[in-house]
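Heads up: the structure comes next, in structure tokens.
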């Protein structure tokens with residue numbers, strides 16, 4: 001049987017749009033900006049090299065969970081048993097590797113690691129002698145750091161636990177596991193303590209390859225009252241660290257119904273009894289904003305006054321920042337010298353336009369989009385509470401309870417009781433017939449450091465509390481057709497890398513992000529990474545910590561194409577502080593399932609992040625998310641020939657420069673489109689932090705000097721790009737250079753435009769209804785629309801549409 005591997009010398013022909021070239025003025029190298037109108041170089045017919053393109057390897061090494069590290073020889077008849085053994089053998093035979101490279105074939109079964117599998121320069125290949133780890137054809141090889149649990153270790157509930165079982169469940173339906181006797185380490189509490197947003201870090205339960213849900217009330221699909229499924233709302237604030245769940249509060253919406261006890265299970269009394277017995281209750285809530293929920297430990301519940309009190313004051317105090325301020329009446333250590341500073345939302349209103357042409361007009365933007373209250377506040381501890389500004393609440397602040405035995409009421413749910421040192425679990429079938437593993441190790445499962453020319457193909461990686469694969473300062477790494485799942489951290493983390501390919505992978509059920517790429521290439525020298533992320537299916541990420549499907553930061557010169565990202569709690573793709581990224585043919589849907597103020601594509605807060613092109617992408621069915629969101633002054637992105645459907649705002653440009661949307665199709669954007677001048681109020685001036693970030697790139701010297709000129713020539717900016725932005729007379733606090741031109745708008749909300757700035761809004765025809773647009777998103781013929789207005793704006797839409805998203809022909813076979 002033969003095997004094939006990636007020949008990296010062929011990469012340049014797949015990265016035409018992100019090439020490196022030598023400028024005649026000096027010997028510096030920089031990344032060429034992507035030209036939005038050029039034909040794609042990463043379409044279905046021109047994917048990056050796969051294993052089928054390359055010469056046959058001449059050495060095969062076999063490993064199997066049924067093999068032996070002592071008696072095995074690495075042949076198919078006598079395989080090794082563990083991956084550390086294979087690593088050791090390859091290191092010992094480094095000088096004897098054959099010219100065609102080496103493939104390590106992983107046979108069927110689980111490879112349980114006692115620690116992270118670490119690979120470095122000693123384990124690397126070369127361009128001519130790559131090293132490939134891959135599954136044996138038609139067999140599943142699972143690499144994990146989790147611990148297998150003997151079914152006999154599960155016991156019936158103890159008497160105290162039995163008394164706490166949910167009224168809808170019989171105690172004999174649940175079982176318990178003593179985690180101390182197993183020597184598990186991450187069981188004493190959340191690493192983030194009593195208040196956190198990201199530090200989850202407790203053991204995870206995986207049954208038959210499925211990551212079981214930690215107990216939650218309301219259940220994920222349970223809808224209570226008018227709330228969205230899985231959440232209830234506060235009924236107003238009682239003080240900076242307490243809120244009403246029933247009558248007593250004065251929320252803005254006036255609703256004080258006790259939703260917590262509506263099912264007659266005496267929930268708050270049950271919770272309070274458990275707290276008094278020493279069991280922890282945590283609530284995850286949007287205490288002040290509708291993004292970045294905070295998980296907080298409960299101190300007590302007053303069932304008479306209908307008040308829940310948290311151990312800590314959430315940053316800024318409880319209550320939506322858009323609700324009325326009230327001072328705290330001190331109960332201990334009053335301080336008469338404290339002051340209360342009121343905040344008043346300015347009286348502004350949106351303006352809509354529907355005519356064809358607009359260049360700068362005096363209007364305001366709705367305040368609840370971006371205006372931040374300027375209230376001085378220092379978070380106070382419980383023992384130092386004095387006069388403290390907090391907010392009465394709107395009545396829409398969402399929260400849910402987590403990790404409590406008392407709320408296990410569905411098969412599959414479980415909870416870790418920190419006091420009892422027990423896992424309580426509601427199995428959905430005979431536990432003796434289940435394959436149960438517990439993730440407890442905090443390192444990544446596989447870690448590459450200073451490694452190169454390594455390929456990982458067709459593997460399943462699961463069962464760690466940290467990331468699935470981490471790569472640091474590694475290059476020419478290929479991750480192809482792997483499944484990364486049931487991970488407490490993220491799927492793939494790649495920092496300080498270049499020339500890496502991540503393609504055809506499936507990533508799901510991660511506790512935080514799907515993929516995160518940072519410092520790829522070098523932005524200071526404008527050296528592109530030439531890395532590729534293509535044809536990956538990323539979904540159901542951020543299940544513990546609300547993070548994105550894909551994160552790219554501080555990187556330059558990458559192609560991100562044909563990926564399908566969906567069912568994520570926050571932004572779909574967050575790309576901040578980058579240059580010359582090409583996003584094309586990606587499909588994103590069901591974005592921002594948990595957070596608000598999000599974007600399917602989101603970037604923010606940078607005047608240096610020019611040259612990013614987003615084209616031929618399809619965003620849909622994400623009513624809580626904005627489509628393309630350039631937040632808080634971010635500048636220099638080009639959005640062309642995208643389809644945006646079923647979102648809040650199709651485009652939201654928050655005060656930055658030179659953001660340009662042309663040739664896009666917008667369908668059913670309920671809140672329309674927004675371009676604003678928040679930079680005036682927020683002082684995005686020539687002496688701002690944003691200006692300092694640009695100055696740090698030294699734009700008057702090479703290579704950034706010429707880069708600015710190339711950007712101006714490529715995208716039609718003013719010739720003195722950097723000089724203008726840093727000139728106070730140019731008014732960089734205005735959204736100068738921003739365009740919204742030649743876009744088709746179907747059955748969508750208003751267009752909100754800025755008060756100040758050289759902004760061009762022109763030729764954006766509106767179509768009153770989806771029926772009139774004659775759209776066919778489920779087309780099997782390739783014809784998405786025949787509407788002449790849309791075709792005039794986006795002429796090749798019917799050719800582009802079938803190419804968006806995952807492409808089956810790009811999928812690499814794991815058999816030779």
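The values are calculated or read from the model by the stated rules, or taken from the named source; none is laboratory data. Keep in mind the model is a prediction, meaning the values are calculated, not measured. Virtual Cβ from ideal backbone geometry, glycine too; neighbours counted across all protein chains shown.
The figures follow:
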item	result
Strands (runs of 3 or more DSSP E) lying entirely in segment 65-125 (those with 1 or more residues that are without any contact (Cβ under 8 Å) to a residue 12 or more places away in the chain)	none
Members of segment 575-585 found to be assigned to a strand (DSSP E or B), touching a residue at least 60 places away in the same chain (Cβ under 8 Å) and on the phi > 0 side of the Ramachandran plot, listed by number	580
Members of segment 434-453 found to be more than 24 Å from the chain's Cα centre (by Cα), more than 15 Å from residue 204 (Cβ to Cβ) and buried (at least 22 other Cβ atoms within 10 Å of the Cβ), listed by number	451, 452, 453
Strands (runs of 3 or more DSSP E) wholly inside segment 242-307 that include at least 3 residues being free of Cβ contacts under 8 Å to residues at least 40 places away in the same chain and surrounded by fewer than 22 Cβ atoms within 10 Å (Cβ to Cβ)	294-302
Residue satisfying all of: in segment 703-717; buried (at least 17 other Cβ atoms within 10 Å of the Cβ) and in a loop (DSSP other than H, G, I, E, B); modelled with the highest pLDDT among these	703
Filter result (within 17 Å of the chain's Cα centre (by Cα) and crowded, with 24+ Cβ neighbours inside 10 Å) within segment 614-630	619, 622, 625, 626, 627, 628, 629, 630
Every residue from segment 718-753 that is at pLDDT below 95, out of contact with any helix residue (DSSP H, G or I) (no Cβ under 7 Å at 6 or more places or on another chain) and more than 20 Å from residue 663 (Cα to Cα)	720
Members of segment 535-574 that are within 16 Å of residue 804 (Cα to Cα), in a strand (DSSP E or B) and touching a helix residue (DSSP H, G or I) at 6+ places or on another chain (Cβ under 7 Å)	559
Filter pass, residue 457 being more than 30 Å from residue 263 (Cα to Cα) and modelled with pLDDT under 85	no
Count of segment 634-657 residues which are outside any strand (DSSP E or B), surrounded by fewer than 24 Cβ atoms within 10 Å (Cβ to Cβ) and at positive phi	1
Positions within segment 791-816 being at pLDDT 95 or above, touching a helix residue (DSSP H, G or I) at 6+ places or on another chain (Cβ under 9 Å) and more than 19 Å from residue 585 (Cβ to Cβ), in sequence order	791
Conditions (1) surrounded by fewer than 24 Cβ atoms within 10 Å (Cβ to Cβ); (2) touching a strand residue (DSSP E or B) at 6+ places or on another chain (Cβ under 6 Å); (3) closer than 24 Å to residue 720 by Cα; number of the one not met by residue 611	(1)
Residue match in segment 133-156 (condition: in a loop (DSSP other than H, G, I, E, B), closer than 24 Å to residue 412 by Cβ, touching a helix residue (DSSP H, G or I) at 6+ places or on another chain (Cβ under 8 Å) and in contact (Cβ under 8 Å) with a residue 24 or more places away in the chain)	yes
Tally, over segment 594-608, of residues that are at pLDDT 95 or above, surrounded by fewer than 24 Cβ atoms within 10 Å (Cβ to Cβ) and either within 13 Å of residue 648 (Cα to Cα) or in contact with a strand residue (DSSP E or B) (Cβ under 6 Å, 6 or more places away or on another chain) (or both)	2
Flag for residue 591 being modelled with pLDDT of 95 or more, in contact with a strand residue (DSSP E or B) (Cβ under 9 Å, 6 or more places away or on another chain), crowded, with 24+ Cβ neighbours inside 10 Å and not in a strand (DSSP E or B)	yes
Strands (runs of 3 or more DSSP E) within segment 396-491 that include 1 or more residues under 30 Å from residue 168 (Cβ atoms) and either touching a helix residue (DSSP H, G or I) at 6+ places or on another chain (Cβ under 6 Å) or in contact (Cβ under 8 Å) with a residue 12 or more places away in the chain (or both)	398-402, 414-417, 422-425, 436-439, 483-487
Residues located in segment 658-702, provided they are part of a helix (DSSP H, G or I) and surrounded by fewer than 20 Cβ atoms within 10 Å (Cβ to Cβ)	680, 681, 682, 689, 691, 692, 693, 695, 696
Every residue from segment 161-179 that is touching a residue at least 12 places away in the same chain (Cβ under 8 Å) and over 12 Å from residue 408 (Cα atoms)	172, 176, 177, 178, 179
Selected residue (criterion: surrounded by the fewest Cβ atoms within 10 Å (Cβ to Cβ)) from residues of segment 111-129 that are more than 25 Å from residue 203 (Cα to Cα) and touching a helix residue (DSSP H, G or I) at 6+ places or on another chain (Cβ under 8 Å)	122
Selection within segment 229-241 - in a loop (DSSP other than H, G, I, E, B) and more than 15 Å from residue 394 (Cβ to Cβ)	229, 230, 240, 241
Residues of segment 748-792 satisfying the condition of being assigned to a loop (DSSP other than H, G, I, E, B), touching a strand residue (DSSP E or B) at 6+ places or on another chain (Cβ under 8 Å) and crowded, with 21+ Cβ neighbours inside 10 Å	748, 753, 754, 759, 764, 784
Qualifying residue in segment 201-213 (condition: over 28 Å from the mean Cα position of the chain (by Cα) and crowded, with 20+ Cβ neighbours inside 10 Å)	no
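Listed here are the residues, each with its yes/no results for (1) in contact with a strand residue (DSSP E or B) (Cβ under 9 Å, 6 or more places away or on another chain); (2) at pLDDT 95 or above; (3) farther than 26 Å from residue 147 by Cβ.
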site: 65; (1), (2), (3): yes, yes, no
site: 72; (1), (2), (3): yes, yes, no
site: 84; (1), (2), (3): yes, yes, no
site: 88; (1), (2), (3): no, yes, no
site: 117; (1), (2), (3): yes, yes, no
site: 131; (1), (2), (3): yes, yes, yes
